[in-house]
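A short write-up of the structure that comes next.
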Amino acid sequence: MLPGTAADAYIYIAIFFGIAGGIVGKIKCSSCWVWFMISGAVPVLGLLAAIVYRNEREVERQVCPRCRKLCMIHDTVCTRCGQELYFPTQIVPSENELIRIRLEQQRAQR
């Protein structure tokens with residue numbers, strides 16, 4: 001393989017897109033290595049998929065009725081006890097929402 005060929009260019013592009021996808025995945029609280037591999041295998045589409053993938057901190061949560069574990073609202077089975085989860089009657093706010101509420105309370109106390 002000659003230096004400067006199209007294969008070399010693709011390898012460099014795949015590595016840089018993979019790094020960018022990994023960074024985006026880490027920011028969204030997802031697996032850095034999975035998004036690195038996806039973005040590296042399919043450079044442009046993988047990075048776009050990482051960008052539009054949901055942010056785990058912005059998803060509402062529900063409480064498992066059996067073991068009281070906080071589960072994502074889209075989960076259908078509790079990962080701790082195996083209880084089948086239905087749409088909850090009470091929704092726990094997302095992590096970002098809880099942080100915003102705490103900050104507002106701290107500002108109100110000052």
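Here are G25, G46: which of them is assigned to a helix (DSSP H, G or I) and touching a Phe, Trp or Tyr at 6+ places or on another chain (Cβ under 6 Å)?
The unique qualifying residue is G25.
Looking at the range 43-62 only, could you name the residues that are touching a strand residue (DSSP E or B) at 6+ places or on another chain (Cβ under 9 Å) and surrounded by fewer than 16 Cβ atoms within 10 Å (Cβ to Cβ)?
E56, V59, E60
I91 versus (1) surrounded by 14 or more Cβ atoms within 10 Å (Cβ to Cβ); (2) over 22 Å from I38 (Cβ atoms): which is the lone unmet condition?
Of (1) surrounded by 14 or more Cβ atoms within 10 Å (Cβ to Cβ); (2) over 22 Å from I38 (Cβ atoms), only one is false for I91: (1).
Read-outs: derived from the displayed coordinates by stated rules, not from any lab. Because the structure is predicted, anything quoted here is derived from the model rather than measured. Glycine also receives a Cβ, built like all others from the backbone with ideal geometry; neighbour counts cover every protein chain displayed.
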